[in-house]
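Here's the structure we're looking at; comments come further down.
The values are calculated or read from the model by the stated rules, or taken from the named source; none is laboratory data. Keep in mind the model is a prediction, meaning the values are calculated, not measured. As a convention, Cβ positions derive from the backbone with ideal geometry for all residues, glycine included, and neighbour counts pool all protein chains shown. Surface accessibility is based on the protein's heavy atoms, side chains included, excluding ligands, DNA and RNA. Shrake-Rupley method; radii C 1.70, N 1.55, O 1.52, S 1.80 Å.
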Amino acid sequence: MKLKLDFISNSSSTSFVYISDRELTEEAFIKAAGVDPDGPVGSLFVQMHRELVDGLRYGRPVKTEDQAESLAGTHEFTPDVVQKMKDAVNQGRLVLTGSLSSEEALAEILLCTEMFEVNSDEFYINAFNNYW
């Protein structure tokens with residue numbers, strides 16, 4: 001059970017950032033998660049990949065340092081994550097922000113209600129902020 005004593009809402013949402021040189025593939029996500037796609041939780045992680053891709057499809061690109069800086073100090077991204085965005089923008093990498101909602105499918109609910117970070121050779125995802 002989670003108990004939070006500050007801001008409370010009826011739903012949970014999470015913003016996340018995706019940094020890479022390419023779009024998020026199912027194969028890269030499953031590999032980074034260390035999950036056997038044919039194993040007992042494989043289909044759940046395939047669904048999680050789909051939810052992340054959908055969140056990115058409706059997300060926002062971050063194309064300048066100023067855009068990344070505008071996210072600093074908000075409930076969305078820590079200073080370290082904002083700096084990663086700035087560095088990635090300067091390197092010409094793809095930087096996208098997306099969101100997830102706890103009012104959707106189980107895979108999205110799980111992603112939304114837990115903080116997570118994936119730092120693989122192919123991509124970086126950070127979703128440390130969430131609120132209830």
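Couple of notes before you dig in:
- Some residue of region 18-39 being surrounded by 14 or more Cβ atoms within 10 Å (Cβ to Cβ), aromatic (Phe, Trp, Tyr), at pLDDT below 95 and assigned to a strand (DSSP E or B): no
- Any chance Leu106 is touching a residue at least 24 places away in the same chain (Cβ under 8 Å) and surrounded by 15 or more Cβ atoms within 10 Å (Cβ to Cβ): no
- Among the numbered conditions (1) out of contact with any Lys or Arg (no Cβ under 9 Å at 6 or more places or on another chain); (2) among the polar types (S, T, N, Q); (3) within 17 Å of Glu23 (Cβ to Cβ), the only one that Ser43 does not meet is (3).
- Asp54 meets each of the listed conditions (1) loosely packed, with under 12 Cβ neighbours inside 10 Å; (2) among the acidic types (Asp, Glu); (3) under 17 Å from Ser13 (Cβ atoms) apart from (1).
- Leu100 being open to solvent by 20 Å² or more (accessible area, probe 1.4 Å), part of a strand (DSSP E or B) and of a type in the set (A, V, I, L, M): no
- When restricted to residues that are open to solvent by 70 Å² or more (accessible area, probe 1.4 Å), farther than 16 Å from His49 by Cβ and not in a strand (DSSP E or B), region 109-132 contains 4.
- Candidates are the residues of region 40-65 that are hydroxyl-bearing (Ser, Thr, Tyr) and part of a loop (DSSP other than H, G, I, E, B); the one that is nearest to Asp80 (Cα to Cα) is Thr64.
- For Val82, the conditions (1) in contact (Cβ under 8 Å) with a residue 60 or more places away in the chain; (2) buried (at least 20 other Cβ atoms within 10 Å of the Cβ) are fulfilled apart from (1).
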